[in-house]
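The values are calculated or read from the model by the stated rules, or taken from the named source; none is laboratory data. Computed from a prediction, not measured in an experiment: that's the story for all the values here. Cβ sites come from the backbone with ideal geometry, for glycine too, and all protein chains shown count toward neighbours. Side chains included, ligands, DNA and RNA excluded: accessible areas come from the protein's heavy atoms. Shrake-Rupley method; radii C 1.70, N 1.55, O 1.52, S 1.80 Å.
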Amino acid sequence: KAGVTQTPRYLIKTRGQQVTLSCSPISGHRSVSWYQQTPGQGLQFLFEYFSETQRNKGNFPGRFSGRQFSNSRSEMNVSTLELGDSALYLCASSDPQGAYEQYFGPGTRLTVT
Amino acid sequence: AQSVTQPDIHITVSEGASLELRCNYSYGATPYLFWYVQSPGQGLQLLLKYFSGDTLVQGIKGFEAEFKRSQSSFNLRKPSVHWSDAAEYFCAVASRSGNTPLVFGKGTRLSVIA
């Protein structure tokens, strides 16, 4: 099976802009989670989607949002970008029918200038 | 609140030497336990997991980890480190009740010298 794919891999945006990141899970996986990774804060959970519904949400401002489509692909959006949003954004998928383990994509490196 | 502590930020070992990376967790009940590895510029790869049963679990790339309930620990070990093992290692936990996100430690960066 193909792994989790994320697009784009690298992105440079300016403060105040918005950005949309995309994640395609492993075929058959219906749960998609998003994480933000920064040197200072480490890996922080953003949100999880399962069957097009947000099931869990981390402690991030409302500028961070996401959605999931019927084919389980997911997007996350960040509006009004701030310098502190510069990070590696990781997507992970899991199979709720199986053991609770998440498989990660390569990430999208977002740089806000 | 649930938390995961990896006390060593950076460890340097010689190639061929043994390795132990420490992980302690604070959780209401025994959670699911995981170790992930991240190479530079890459996503996270699952090394091994503990759900139940034998407290010594084997993973990929020759890694193993031992769950010790009394110490709330899940330390990762490898008998002989290879230069390609240089990476960042993350311990993570998740609730057995399901439908909860992974909680990660801050990571331990492993350097391997000749």
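Residues in the range B:34-46: is at least one away from every other protein chain (no Cβ under 12 Å) and open to solvent by less than 60 Å² (accessible area, probe 1.4 Å)? Checked the range B:34-46: no residue is away from every other protein chain (no Cβ under 12 Å) and open to solvent by less than 60 Å² (accessible area, probe 1.4 Å). When A:Gly84, A:Gly58, A:Gly105, A:Gly66 are checked against the criterion of being surrounded by fewer than 16 Cβ atoms within 10 Å (Cβ to Cβ) and over 16 Å from B:Thr100 (Cα atoms), A:Gly84 stands alone in meeting it. Whether a residue is more than 14 Å from chain B (Cβ to nearest Cβ), open to solvent by less than 50 Å² (accessible area, probe 1.4 Å) and of a type in the set (D, E, K, R) was assessed, and A:Arg73 does not pass this test. Look at (1) over 14 Å from the mean Cα position of the chain (by Cα); (2) at the interface with chain B (Cβ under 9 Å from one of its Cβ atoms) and you find that A:Gly40 fails only one, number (2).
The numbered conditions (1) at pLDDT 95 or above; (2) out of contact with any Cys (no Cβ under 9 Å at 6 or more places or on another chain); (3) farther than 21 Å from B:Val4 by Cα are all true for A:Arg73 except (2). The sole residue among A:Asn77, A:Asn56, A:Asn71 that is outside any strand (DSSP E or B) and of a type outside the set (A, V, I, L, M) is A:Asn71. Do we find a residue being open to solvent by less than 60 Å² (accessible area, probe 1.4 Å), assigned to a strand (DSSP E or B) and away from every other protein chain (no Cβ under 12 Å) anywhere in the range B:99-111? Checked the range B:99-111: at least one residue is open to solvent by less than 60 Å² (accessible area, probe 1.4 Å), assigned to a strand (DSSP E or B) and away from every other protein chain (no Cβ under 12 Å).
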